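Engineer: Structure in structure tokens, see below.
The values are calculated or read from the model by the stated rules, or taken from the named source; none is laboratory data. Just so it is clear, the model here is predicted, and its values are computed rather than measured. Methodologically, a virtual Cβ is constructed for each residue, glycine included, from the backbone with ideal geometry; neighbour enumeration extends over all protein chains shown. Note: areas computed on protein heavy atoms with side chains; ligands, DNA, RNA excluded. Shrake-Rupley method; radii C 1.70, N 1.55, O 1.52, S 1.80 Å.
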Amino acid sequence: AVREDLNKALGFNYILKTWDEVNQNFFAALKLEKLVMFIILTLINLVASFNIVSTLIVMVVEKTKDIGILKTLGMTAKDIRKIFVYEGLIIGGLGTLLGSAGGILLCALLKKYQFIKLPQDIYYIERLPVYIEFWPDIFLIILAAMAITLVSTIYPASRAAGLRPVDALRYE
């Protein structure tokens, strides 16, 4: 709106550009960096999900006898699957909550105290600027982490639900 007012006032002899137009390449680079950071954080969450899978598989192996007893008493495979899915979601949810809280706290401290200095010969700014944007950045990262956690619980939960009571109690 300001550019249009200036254009009317100055006439057609001047070329007016907004700050966004002048720094278009910079903003495109920032947008690409944001996408790459989302992909990197998602890959980190994928690696962490392998830990959840292995933990739940070990838990299934350790609790084979208990699963067999529960099935013998009448618990359905669906209920056993729910138990292990909930267990995985609790582990992943707690990790996501602690990781998100730690990241937000670190960003808030960095925003307030600005303890990261940037080299003046490379950057135009002296300190690293921080802007915490809950929607969509942090929300999407948390959502992706929880989705990965949910998917990572499916195999161990299905394996636990598929145990037959006879096989579970055979060697006890």
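Engineer: Across segment 144-157, which residue is nearest to the chain's Cα centre (by Cα) among those that are open to solvent by less than 50 Å² (accessible area, probe 1.4 Å) and farther than 11 Å from residue 93 by Cα?
Structural biologist: Taking the candidates together, the pick is 144.
Engineer: In the set 171, 131, 124, which member is within 28 Å of residue 42 (Cβ to Cβ) and either at pLDDT 95 or above or outside any helix (DSSP H, G or I) (or both)?
Structural biologist: On the way: 171 fails: within 28 Å of residue 42 (Cβ to Cβ); 124 fails: within 28 Å of residue 42 (Cβ to Cβ).
Answer to the check: 131.
Engineer: Taking residue 79 as the residue in question, decide whether it is within 15 Å of residue 158 (Cβ to Cβ), surrounded by fewer than 19 Cβ atoms within 10 Å (Cβ to Cβ) and modelled with pLDDT of 90 or more.
Structural biologist: Working: within 15 Å of residue 158 (Cβ to Cβ): yes; surrounded by fewer than 19 Cβ atoms within 10 Å (Cβ to Cβ): yes; modelled with pLDDT of 90 or more: yes.
Here the answer is yes, as residue 79 does meet what is asked.
Engineer: With (1) surrounded by 10 or more Cβ atoms within 10 Å (Cβ to Cβ); (2) more than 27 Å from residue 138 (Cα to Cα); (3) at pLDDT 90 or above as the list, and residue 73 as the residue in question, which single condition is left unmet?
Structural biologist: Among (1) surrounded by 10 or more Cβ atoms within 10 Å (Cβ to Cβ); (2) more than 27 Å from residue 138 (Cα to Cα); (3) at pLDDT 90 or above, the lone unmet condition for residue 73 is (1).
Engineer: Do we find that residue 147 is without any contact (Cβ under 8 Å) to a residue 60 or more places away in the chain and of a type in the set (Gly, Ala, Ser) in this structure? Steps first, please.
Structural biologist: Values: without any contact (Cβ under 8 Å) to a residue 60 or more places away in the chain: yes; of a type in the set (Gly, Ala, Ser): yes.
In short, yes.
Engineer: Follow-up question, since we're still on this one. Just to confirm my filter: which helices (runs of 4 or more DSSP H) fall fully inside segment 4-104 and include at least 1 residues that are under 17 Å from the mean Cα position of the chain (by Cα)? Before you say what the answer is, go through the steps one by one.
Structural biologist: Values: elements: 19-22, 24-62, 64-72.
By residue number, 24-62.
Quick grid of which residues meet (1) over 15 Å from residue 162 (Cα atoms); (2) in contact with a helix residue (DSSP H, G or I) (Cβ under 6 Å, 6 or more places away or on another chain); (3) of a type in the set (Gly, Ala, Ser):
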site	(1), (2), (3)
29	yes, no, yes
44	yes, no, no
60	no, yes, no
81	no, yes, no
87	yes, no, no
91	yes, yes, no
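Engineer: Taking segment 96-135 as the region of interest, how many residues are of a type in the set (A, V, I, L, M) and surrounded by fewer than 11 Cβ atoms within 10 Å (Cβ to Cβ)? Give the steps one after another, and end with the answer.
Structural biologist: Narrowing segment 96-135 to residues of a type in the set (A, V, I, L, M): 97-98, 101, 104-106, 108-110, 116, 118, 122, 125, 128, 130, 132.
Then keep just the ones that are surrounded by fewer than 11 Cβ atoms within 10 Å (Cβ to Cβ); that gives 98, 101, 105, 116, 122, 125.
Qualifying residue count for the region: 6.
Engineer: So for segment 5-28 (the condition being farther than 30 Å from residue 135 by Cα, basic (Lys, Arg) and either open to solvent by 100 Å² or more (accessible area, probe 1.4 Å) or at pLDDT 90 or above (or both)), does at least one residue qualify?
Structural biologist: Initial filter on segment 5-28 (farther than 30 Å from residue 135 by Cα): 5-16.
Remaining after also requiring basic (Lys, Arg): 8.
Still in the running and either open to solvent by 100 Å² or more (accessible area, probe 1.4 Å) or at pLDDT 90 or above (or both): 8.
Scanning segment 5-28 turns up at least one residue that is farther than 30 Å from residue 135 by Cα, basic (Lys, Arg) and either open to solvent by 100 Å² or more (accessible area, probe 1.4 Å) or at pLDDT 90 or above (or both).
Engineer: Here's a follow-up. Under 9 Å by Cβ, and 6 or more places apart or on different chains, what pairs join a residue from segment 97-125 that is aromatic (Phe, Trp, Tyr) with one that is not in a loop (DSSP other than H, G, I, E, B)?
Structural biologist: From residues that are aromatic (Phe, Trp, Tyr), the pairs are 115/109; 115/127.
Engineer: Another one. I'm trying to understand the selection: among the residues of segment 31-63, which are over 24 Å from residue 154 (Cα atoms), loosely packed, with under 11 Cβ neighbours inside 10 Å and of a type outside the set (D, E, K, R)?
Structural biologist: If the condition is that a residue be over 24 Å from residue 154 (Cα atoms), loosely packed, with under 11 Cβ neighbours inside 10 Å and of a type outside the set (D, E, K, R), then 32, 35, 36 are the ones that fit.
Engineer: Restrict the check to segment 109-132 and report whether at least one residue is under 14 Å from the mean Cα position of the chain (by Cα) and over 17 Å from residue 64 (Cβ atoms). Walk me through it before giving the result.
Structural biologist: Here is the first cut: in segment 109-132, the ones under 14 Å from the mean Cα position of the chain (by Cα) are none.
Among the residues of segment 109-132, not one is under 14 Å from the mean Cα position of the chain (by Cα) and over 17 Å from residue 64 (Cβ atoms), which makes the answer no.
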